[in-house]
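Chemist: First the structure, which I've put down as structure tokens, then a few questions once you've had a look.
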Amino acid sequence: MSNLAPPSFESATKILREVSYEERLGGFKLSATAGNIPYEFYNLESVVGFLRTDPLDALIRLANRSSVGYIDFAVLARWVKEVLSDEELAQAIQRATSLDKPYADQVVPVKRLLEQRLEQCQVATAKVDQPSTDSKLV
């Protein structure tokens, strides 16, 4: 996995924000029983929660609720770069993905990158949000 440099407070705030309707990211829940259901994402945290795939043996059984949380990785990288302004994460996503590999084999590495950046941003913004332990109430 790529080691992403921690973002600044300003970058972390931009990465964590909820984007506008015009800036949203699209994806699909792919299911043999329900078909393809469109989803819209307005922040990085919702993308992290959605991106997944059930094991192949579960996906091929028709009488179950198995699914794939599908987001085109090229579109995801472009959204991360252009909307969230995170060039480093966008490049890491591009390096971790390829049209020559099955989607299911790429989900975990991409999700780990997103989780890493999400955690870094939460840490960067928490440092500023928390009051100093040196201060005293008067």
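The values are calculated or read from the model by the stated rules, or taken from the named source; none is laboratory data. Fair warning: this is a prediction, and the values are worked out from it, not measured in the lab. Methodologically, a virtual Cβ is constructed for each residue, glycine included, from the backbone with ideal geometry; neighbour enumeration extends over all protein chains shown.
Chemist: Please go through segment 8-42 and give me each residue that is under 14 Å from Thr125 (Cβ atoms), among the polar types (S, T, N, Q) and surrounded by fewer than 17 Cβ atoms within 10 Å (Cβ to Cβ), ordered by number.
Modeler: Ser8, Thr13
Chemist: Any chance you could count how many residues in segment 1-45 are touching a Leu at 6+ places or on another chain (Cβ under 8 Å) and polar (S, T, N, Q)?
Modeler: 4
Chemist: Output the number of residues of segment 92-126 satisfying the condition of being over 17 Å from Asn43 (Cβ atoms), touching a Phe, Trp or Tyr at 6+ places or on another chain (Cβ under 9 Å) and in contact (Cβ under 8 Å) with a residue 60 or more places away in the chain.
Modeler: Residues meeting the conditions: 1.
Chemist: Could you run through segment 28-56 and say how many residues are over 14 Å from Gln116 (Cβ atoms), in contact with a helix residue (DSSP H, G or I) (Cβ under 6 Å, 6 or more places away or on another chain) and modelled with pLDDT of 95 or more?
Modeler: Final tally of qualifying residues: 1.
Chemist: Anything in segment 74-125 that is closer than 23 Å to Tyr21 by Cβ, out of contact with any helix residue (DSSP H, G or I) (no Cβ under 6 Å at 6 or more places or on another chain) and exposed (fewer than 15 other Cβ atoms within 10 Å of the Cβ)? List them, or say none.
Modeler: Ala74, Val75, Glu82
Chemist: Next question, about the same structure. When you scan segment 72-87, do you find a residue that is closer than 17 Å to Cys121 by Cα, touching a Pro at 6+ places or on another chain (Cβ under 9 Å) and at pLDDT 95 or above, even just one?
Modeler: Yes, some residue in segment 72-87 is closer than 17 Å to Cys121 by Cα, touching a Pro at 6+ places or on another chain (Cβ under 9 Å) and at pLDDT 95 or above.
Chemist: Which of the residues that make up segment 81-102 are part of a helix (DSSP H, G or I) and either aromatic (Phe, Trp, Tyr) or under 18 Å from Arg52 (Cβ atoms) (or both)?
Modeler: Within segment 81-102, Ile93, Ala96 qualify.
Chemist: A follow-up question, please. Just to be sure before I move on: is Asp105 of a type outside the set (Gly, Ala, Ser) and not in a helix (DSSP H, G or I) in the structure I sent?
Modeler: Criteria not met by Asp105.
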